[in-house]
Structures are given as structure tokens and as C-alpha cells.
Amino acid sequence: MSIKKAIEDFKYLINRGYKKDVALNFVANHYKLSKEDRLKIIRTTHSDEEINLTKRKLKRLKDFENETIYIDGFNVLIGLEALIKGHEVVLCDDNIYRDFENVYGKYKINNYTDKAIGLLLEVLKRYKVKAIVYLDAQVSKSGILAKRIRERMKELGIEGDVFCVKNCDYELKHKEVVATSDSIIIKSDNVKYVVDLIAEAIEHLKKVHDI
């Protein structure tokens with residue numbers, strides 16, 4: 001019950017202009033919330049202004065058939081891995097799916113990596129989009145991961161490339177069509193359209209594998 005009240009209070013504060021980290025600390029300390037609950041609140045709950053902005057930008061992958069989209073690599077792969085593992089992935093109040101893995105900067109190639117890459121590319125191939133994937137270069141073995149994705153794209157005949165960059169957020173903030181669940185990127189004035197590849201993957205799995 002406390003987390004429900006905490007969400008209500010958090011939303012009240014951010015709707016009145018409080019910075020999210022300030023509002024979260026205030027509410028979480030008041031309700032004595034765990035780190036897990038704090039993470040859930042910050043990822044699932046947005047101001048009305050953010051919700052309206054995201055919903056205006058949100059598009060389906062089919063809207064960009066034969067066009068180029070720019071993908072927040074670790075953001076999407078971590079979400080797909082969570083989905084494959086059966087971990088919690090929820091539809092947030094801004095209509096975007098998010099996970100609660102909290103491993104972004106500590107990501108390591110693992111037994112689910114290839115499965116996540118495969119699922120991502122299945123979804124992209126379905127609509128023949130050109131995919132430019134950005135990975136943060138400072139994350140361990142990002143170069144190896146980039147090579148692995150690039151090779152799979154070539155095998156499947158998917159047009160595009162994978163780049164390890166110094167600042168993934170910066171690159172994506174200056175693109176027109178992005179695939180990410182990162183609110184900071186989504187809010188950029190340069191970003192006109194957002195694609196939720198986790199939602200696309202969920203729909204794809206239901207249709208193709210009947211789950």
C-alpha cells in the first residue's frame with residue numbers, strides 16, 4: 001500500500017515542477033522504500049507533461065518500413081533480455097515498456113545476449129528497417145558486442161551498422177527516429193518519433209510463437 005501512496009505523492013510533486021530525484025528522495029524516505037521500489041517509481045511514473053509528449057512521439061515500427069531508425073543498444077538489449085528471462089517488464093504510465101534490471105553501466109555479455117540480439121533482429125527484419133545501433137564505448141566489451149550484432153545483421157540481410165560511441169545519449173538526442181525507453185532522450189526537441197522495441201518484441205512473440 002505504501003508504494004501506491006508513494007507513487008501518488010511522487011506524481012503530485014513532479015507535476016508541480018519538482019525535479020525527479022528530489023521528489024523521489026523525499027517520497028522514498030517518507031515511506032521508507034527499498035531500492036527496488038525507488039527504481040520502479042522512477043521508471044514507471046512520469047509527469048502529465050512527459051506522458052503527453054511521449055504519447056505524441058510514440059510510433060510503431062511499421063511506420064518506418066524501409067527507413068532508418070537509431071537504436072539505444074544497451075537500453076533495448078537489456079529490456080529484451082529481461083523479457084526472455086521472464087523478469088518483470090511493465091507498461092509504464094507513458095505507454096512505454098521498461099525493465100527493472102538496473103545493470104546498464106555494468107552490463108556483461110551473457111547466456112541471454114545472443115537470444116536478445118536474435119529477437120531484436122527478427123523484429124527489425126519484419127519491417128525491413130535500416131538500423132543504426134549505438135553502444136556506449138565505456139561499457140565492458142562493447143566492441144565485441146558491436147561485432148556480434150553487426151555479423152548477425154549481415155547474416156540476416158538487415159541494412160545498417162553498429163557503432164561504439166563516447167556518449168550514446170548525446171548521439172540519440174540529435175536523431176529524428178529513435179528506439180529507446182530513456183525519458184531523457186525521448187524529451188529531446190530533436191527527437192520527433194520514438195519506437196518501443198520491447199513492445200514490438202512482445203507483439204512479435206505473441207504472433208510468431210503463440211505465447
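For the stretch 60-211, DSSP calls about 15 percent of its internal beta bridges antiparallel. Pairs spanning more than 31 Å between alpha-carbon atoms, out of K35/K175; K19/K57; K11/K125; K20/K106: K35/K175; K11/K125. Going by the alpha-carbon gyration tensor, a ≥ b ≥ c the square roots of its eigenvalues, is the stretch 1-99 rounded (a/c under 1.5) or, if a/c is not under 1.5, prolate (a/b greater than b/c) versus oblate? The shape class here is oblate. Using the beta-carbon distance between K19 and E88 and R0 = 25 Å, what value does 1/(1 + (r/R0)^6) give for FRET efficiency, to the nearest 0.05? Rounded to the nearest 0.05, the efficiency is 0.45.
Looking at the chain, the accessible area is 54 square angstrom per residue; that uses a 1.4 Å probe and ignores ligands, DNA and RNA. Counting only DSSP beta bridges whose two residues both lie in the stretch 43-141, roughly 40 percent are antiparallel. FRET efficiency for the D114 to D161 pair, using the beta carbon distance and R₀ = 22 Å, is estimated at 0.70. Cα centroid separation, the stretch 44-99 to the stretch 154-211: 8 Å.
Taking the C-alpha atoms only, the angle from helix 142-156 to the longest principal axis of the chain is near 50 degrees. Per-atom-type breakdown for the stretch 33-121 gives carbon and sulfur 44% of the accessible area (1.4 Å probe, protein chains only). With all protein chains in place and ligands, DNA and RNA left out, the 1.4 Å accessible area ranks T44, T113 as T44, T113, largest first.
One decimal place: the segment R56-N102 gains 13.9 nm when fully extended, by the rule 0.36 nm per residue minus the C-alpha distance.
The values are calculated or read from the model by the stated rules, or taken from the named source; none is laboratory data. Model, not experiment: these values are computed from the prediction. Note: ideal-geometry Cβ built from the backbone for every residue, glycine included; neighbour counts use all protein chains shown. Note: areas computed on protein heavy atoms with side chains; ligands, DNA, RNA excluded. Shrake-Rupley method; radii C 1.70, N 1.55, O 1.52, S 1.80 Å.
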